[in-house]
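Below is one structure; the comments refer to it alone.
The values are calculated or read from the model by the stated rules, or taken from the named source; none is laboratory data. Predicted, not measured: the structure shown is a model, and the values here were computed from it. Don't worry about glycine lacking a Cβ; one is built from the backbone with ideal geometry, like all the others, and counts go over all protein chains shown. Side chains included, ligands, DNA and RNA excluded: accessible areas come from the protein's heavy atoms. Shrake-Rupley method; radii C 1.70, N 1.55, O 1.52, S 1.80 Å.
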Amino acid sequence: MQRAAADLTGIRSSDPDRRPWLRHSAWPADAWPLGSPSMPPPVSPPPIDDYAFVRVLGEGVHEVAVGPVHAGTIEPGHFRFSVVGEKVLRLEERLGYAHKGIERRFSELGLLEGHRLAARVSGDSAVAFSWAYCQALEGMAAHDLPARAPLLRALALELERCANHLGIWARSATTPGLHSVWRNSRG
């Protein structure tokens, strides 16, 4: 998360890993989508994306690269598996290919308007994102909820989770091969 924040704001943590997380050379290295409006405009074009994946060396080790475009309903990502036979020694992932600038849009909305955007970030997780947004606002305001509110939220969240599982099961019944992808993704 520190690397993603650095890509968006230009503010770095003490994390020694300086590789980009979200940028994927989609914008110049000296530009930050969530940076201050007073930040200077970028002065260099985006370079060719040459991400420094961590290499695993040793006898019989090979790399299997997957994505960012792949079958399934999960977020697009590029995954590098370092394996020996069937044993995975290291998995390194790059996410953020579906980055849509939602953080910037939130920064342009008033606090009481953001709930609509939160509910629309991901259609199958409207309750989850709405709840997270409400928790953030309640935390900033140090607001105590009525005892019934967390119970109603948990009920709505559980209904959303069940609906998502039923949707996956329905698709797996009608899509050849999808049932094995879903089963394998759950371990």
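Give the accessible area for His99 in Å² (nearest 10); use a 1.4 Å probe, count only protein heavy atoms, and leave out ligands, DNA and RNA.
Its accessible surface works out to 60 Å², give or take rounding.
Rounded to the nearest 10 Å², what accessible area does Glu93 have for a 1.4 Å probe in the complete protein model?
Accessible area, nearest 10 Å²: 60 Å².
Leu157 versus Asp124, label points 7 Å from Cα toward the beta carbon: distance in nm?
1.9
Using a 1.4 Å probe and ignoring any ligands, DNA or RNA, find the accessible area of Trp169 and quote it in Å² to the nearest 10.
130
Placing unit charges on C-beta atoms (Lys and Arg positive, Asp and Glu negative, everything else neutral), compute the dipole magnitude of segment 89-139 about its Cα centre in debye, rounded to 20.
For segment 89-139, the charge dipole is close to 160 debye.
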